[in-house]
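Trainee: My structure is below; once you've seen it, I'll send some questions.
The values are calculated or read from the model by the stated rules, or taken from the named source; none is laboratory data. Keep in mind it's a predicted model, so treat the numbers as computed, not measured. Here the Cβ is made from the backbone with ideal geometry for all residues, glycine too, and neighbour counts use every protein chain on show.
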Amino acid sequence: MAEEKKSILPKGLRDFYIEAGETTQFAGRFFREILFPPYEFREVIRQSYEIGYKSLPLVGITAFIIGLVLTLQSRPTLVSFGAEAWLPAMVGVSIIREIGPVITALICAGKIGSSIGAELGSMKVTEQIDAMEVSGTNPFKYIVVSRIVSTTLMIPVLVVIGDAISLYGAFLAVKVKGAVSFTLFFHQVFEALNFGDALPSVIKSFFFGFAIGLIGCYKGYHSKKGTEGVGRSANSAVVVSSLLIFIIDLMAVQITEFFGLI
């Protein structure tokens, strides 16, 4: 009877439930391993450099362009309503509250998630992880925990820097169309912002980073044999982590609205 009940579910749905359960177990093992020594501080710092510093150029360029495009696209509509003076405030709130964190997280999901998935997948295929286990090293703590901690810490930093660069790009776009000083532009931006705009965006950035690191490590750590498996791990890490970013963002909006922060 049990076998008959299992066969009722479609294969795709059954595989989804299995992978969701395995990912939850993987996350549970992470929380267990992070609590007890030894702590790999050097590896965390090295991964933070690889994940944070080396991702900054891509995040900065993308954020700058987003600020420019958002301002240039929004200005004609506000001008038609005679509300051009609201442009700095509107752009500032949009970037800080939603566009900055989500776009930065998606960029990092593509760059960092695929990199972690491919790196761990290659280590799995070439049996480097098995060799670490044989030598007495805990590969999960050294490889997985350090990367998840690094992504969790670095994504919020990249979000804050990306927001600043994006706002500067918005200022340049406004400056091209009119005589607005740097001081006046940012005074209007920060006057429109409040505590409920900045804090939720920073908090959800930590969850974005955790999701990117967790999915990238899970996909790579459980990669199938062969080079094809490495490619699939990298690809699925990007797809799943990007989907999780949107789900987390939706949940964050509902929670902040429930507590009256927006």
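Trainee: For the stretch 203-252, name all the residues that are among the aromatic types (F, W, Y) and closer than 18 Å to R147 by Cβ.
Mentor: Hits for the stretch 203-252 are F206, F207, F208, F210, Y218, Y221.
Trainee: Could you tell me which of the residues I112, I129 is surrounded by 20 or more Cβ atoms within 10 Å (Cβ to Cβ), modelled with pLDDT under 85 and within 27 Å of the chain's Cα centre (by Cα)?
Mentor: Going through I112, I129 in turn, the sole match is I129.
Trainee: Are there helices (runs of 4 or more DSSP H) fully within the stretch 41-136 with at least 1 residues that are of a type in the set (F, W, Y)? List them.
Mentor: 41-51, 56-80
Trainee: Restricting attention to the stretch 40-67, report how many residues are surrounded by 14 or more Cβ atoms within 10 Å (Cβ to Cβ) and more than 22 Å from the chain's Cα centre (by Cα).
Mentor: Residues flagged as surrounded by 14 or more Cβ atoms within 10 Å (Cβ to Cβ) and more than 22 Å from the chain's Cα centre (by Cα) within the stretch 40-67 amount to 1.
Trainee: Follow-up. From S201, S242, S223, S236, grab the single residue that is in a helix (DSSP H, G or I), touching a residue at least 12 places away in the same chain (Cβ under 8 Å) and either farther than 17 Å from I155 by Cβ or of a type in the set (F, W, Y) (or both).
Mentor: After ruling out the rest, the residue left standing is S236.
Trainee: Sticking with this one: Here is a check on your reading of the model: is M154 surrounded by 19 or more Cβ atoms within 10 Å (Cβ to Cβ) and within 21 Å of R232 (Cα to Cα)?
Mentor: Considered against the rule, which asks whether it is surrounded by 19 or more Cβ atoms within 10 Å (Cβ to Cβ) and within 21 Å of R232 (Cα to Cα), M154 comes out as no.
Trainee: Additional query: Could you tell me whether the stretch 170-179 includes any residue that is part of a loop (DSSP other than H, G, I, E, B) and crowded, with 16+ Cβ neighbours inside 10 Å?
Mentor: Checking the stretch 170-179: not a single residue is part of a loop (DSSP other than H, G, I, E, B) and crowded, with 16+ Cβ neighbours inside 10 Å.
Trainee: Follow-up question, since we're still on this one. I'd like the full set of residues that are modelled with pLDDT of 85 or more and of a type in the set (K, R), limited to the stretch 185-243.
Mentor: Listed by number, the residues that qualify are K204, K219, R232.
Trainee: Condition (residue is surrounded by fewer than 17 Cβ atoms within 10 Å (Cβ to Cβ), closer than 30 Å to S223 by Cβ and free of Cβ contacts under 8 Å to residues at least 24 places away in the same chain) applied to the stretch 86-100: is it met by at least one residue?
Mentor: Scanning the stretch 86-100, I find no residue that is surrounded by fewer than 17 Cβ atoms within 10 Å (Cβ to Cβ), closer than 30 Å to S223 by Cβ and free of Cβ contacts under 8 Å to residues at least 24 places away in the same chain, so the answer is no.
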